[in-house]
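Colleague: Handing you this structure, nothing more for now.
The values are calculated or read from the model by the stated rules, or taken from the named source; none is laboratory data. Here the structure is a predicted model, which is why all the values come from computation and not from measurement. Positions of Cβ are backbone-derived with ideal geometry, glycine not excepted, and every protein chain shown enters the neighbour counts. The accessibility values were calculated without ligands, DNA or RNA, using every heavy atom of the protein model including side chains. Shrake-Rupley method; radii C 1.70, N 1.55, O 1.52, S 1.80 Å.
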Amino acid sequence: MDQRPIGVFDSGLGGLTVVKELVKLLPHEDILYFGDTGRVPYGTRSPETISKYAQQDIAFLRRKDVKMVIAACGTVSAVLPKEVVKGFSFPYSGVVKPAAQAACAASASGKIGVIGTSATIKSGAYGKEIRSIRSDAIVIGNACPLFVPLVENGFIQPDNPVTRMVAQQYLKPILENGVDTLILGCTHYPLIKPIIGELVGEDVTLIDPGKEAARGAAVLLQSQGLLSGREQAGELHFYVSDSTQGFEQTASVFLHTDSVTGHIEQVDIDSL
């Protein structure tokens, strides 16, 4: 048993969708979340900058003595060099591998679509991971740079005309290639899943990387004997690198809850 918290980080608040799934699966675990809201978004940055920011985020979580780190960010998961990940002495998970595994299992035709930030799509990480599992797969990717700011600014209603119009443009090349499975390659995207699902149709299976990452983390922690073993509910601790003002309202949307309970604190970005 290990009563230390699980560490989760993202460039902003999209990673809270992973926290939501972790709370469902592991209700007795403490979770520490860091959102680098002072430097969001990562998706338009260079690979070098993304890697630098990610390693600073991870170092912050490690100073909080977490027992595992989850990169709840498609961009970081896709861009952080494997040699860096291999050097970690603690359990670590991104969202790319679990999502790729789920997509390969779900796809009947092998035609798999991926939408994500510009950096995620440019990295080709999803395609590489998918083809390492299923060599016959055909992967069609498309960058959706406007989705994150739309979600962050609350344009998530199923009938929102702006988000629907943008989504139609982004999904057009995906649908033209006849995919039967689509990876929502950014943890912000599940918040507009109803819009995406309606546009792609019920014959296309949508893969939520955050949900798959949470499932994988639960299995890993159990297999390594790292679950807390507590019977009481776990606690949530939130840290952000920008103002905490408005955090509760925005976070409640990502967590699908009426109110956010837990410790909330701003972190000096220069200390990362």
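Colleague: Give the residue that is farthest from VAL79 (Cα to Cα), with candidates limited to residues of the range 100-123 that are open to solvent by 20 Å² or more (accessible area, probe 1.4 Å) and free of Cβ contacts under 8 Å to residues at least 40 places away in the same chain.
Modeller: ALA105
Colleague: Could you tell me which residue of the range 68-99 is surrounded by the fewest Cβ atoms within 10 Å (Cβ to Cβ), considering only residues that are under 10 Å from the mean Cα position of the chain (by Cα) and among the hydroxyl-bearing types (Ser, Thr, Tyr)?
Modeller: SER77
Colleague: Kindly indicate whether any position in the range 199-207 is in contact with a strand residue (DSSP E or B) (Cβ under 8 Å, 6 or more places away or on another chain), among the hydroxyl-bearing types (Ser, Thr, Tyr) and open to solvent by 20 Å² or more (accessible area, probe 1.4 Å).
Modeller: Taking every residue of the range 199-207 in turn, at least one turns out to be in contact with a strand residue (DSSP E or B) (Cβ under 8 Å, 6 or more places away or on another chain), among the hydroxyl-bearing types (Ser, Thr, Tyr) and open to solvent by 20 Å² or more (accessible area, probe 1.4 Å).
Colleague: Please find, among PRO173, PRO161, the residue that is open to solvent by 40 Å² or more (accessible area, probe 1.4 Å), touching a strand residue (DSSP E or B) at 6+ places or on another chain (Cβ under 7 Å) and not hydroxyl-bearing (Ser, Thr, Tyr).
Modeller: PRO173
Colleague: Scan the range 221-251 for residues that are in a helix (DSSP H, G or I) and either open to solvent by 20 Å² or more (accessible area, probe 1.4 Å) or among the aromatic types (Phe, Trp, Tyr) (or both) and report the count.
Modeller: The qualifying residues number 6.
Colleague: Within the range 252-272, can you find the residues that are among the hydroxyl-bearing types (Ser, Thr, Tyr) and either under 21 Å from the mean Cα position of the chain (by Cα) or not in a helix (DSSP H, G or I) (or both)?
Modeller: Hits for the range 252-272 are SER252, THR257, SER259, THR261.
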